[in-house]
1. Which ones in the stretch 63-90 are within 22 Å of Gly43 (Cα to Cα), in contact with a helix residue (DSSP H, G or I) (Cβ under 6 Å, 6 or more places away or on another chain) and crowded, with 17+ Cβ neighbours inside 10 Å?
2. Please go through (1) without any contact (Cβ under 8 Å) to a residue 12 or more places away in the chain; (2) among the aliphatic types (A, V, I, L, M); (3) more than 12 Å from Gly122 (Cβ to Cβ) for Ile75 and return the number of the only condition it doesn't satisfy.
Amino acid sequence: MPLLKPNVGRALSAIGAVIVVLALFMTWYEVTRSTGVVEETTGWQTFTNLRFVILGGGILTLLSAIPAQTRPILIARTVLGLVLFVLILRRIIDPPDLVDAEVSAQIGVWAGLVGAVLVAVGGLVDTGRHVVEVYPSLWRPTAGELGRGQRSLGPGDDRG
């Protein structure tokens, strides 16, 4: 009996993709100017090129959840989530530089990061399930499933 239902990875990735796209329109940075003026800016307003990469990544992730989940699709979805994660994490570590202004990360950039993690985790969940289904002999029963005094390897199987 599988631990997770077959659509869990798709659902995690799809939810993550929606969060990533919605996060673009949330406040990513608070800019405090030297004059004391405080402005808030969204991810969409801040990044002229990155916004299209993030939006495209979210759309591709949603599209990848529709067809049959083959190994290349699962790997691509996982890689896509990792790329989104790295791009957004870079914006947390290295926010835009502005002259005479202090820039601090806000909720939108963190929401985008969480969404990217969900995209990657969704791909990993389904990839792991695919490997277990295709190569069942790679996995041994846990000690709790074996029962008292039973071995998962037969005598002599553990010798090199």
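The values are calculated or read from the model by the stated rules, or taken from the named source; none is laboratory data. As the structure is a prediction and not an experimental result, all values here were calculated from the model. So basically every Cβ, Gly included, is an ideal-geometry build from the backbone, and we count neighbours across all protein chains shown.
1. Leu80, Gly81, Leu84, Phe85, Ile88
2. It fails just one condition, (1).
This table checks each residue for (1) under 15 Å from Phe85 (Cα atoms); (2) over 15 Å from the mean Cα position of the chain (by Cα); (3) at pLDDT 95 or above.
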site	(1), (2), (3)
Lys5	no, yes, no
Val8	no, no, no
Ser13	yes, no, no
Ile19	yes, no, yes
Val31	no, yes, no
Val37	no, yes, no
Phe47	no, yes, no
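Residue by residue, here is whether (1) under 25 Å from Gly58 (Cβ atoms); (2) modelled with pLDDT of 60 or more; (3) surrounded by 15 or more Cβ atoms within 10 Å (Cβ to Cβ); (4) not hydroxyl-bearing (Ser, Thr, Tyr) holds:
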position	(1), (2), (3), (4)
Ile92	yes, yes, no, yes
Ser104	yes, yes, no, no
Ile107	yes, yes, no, yes
Ala111	yes, yes, yes, yes
Val121	yes, yes, yes, yes
Leu124	yes, yes, yes, yes
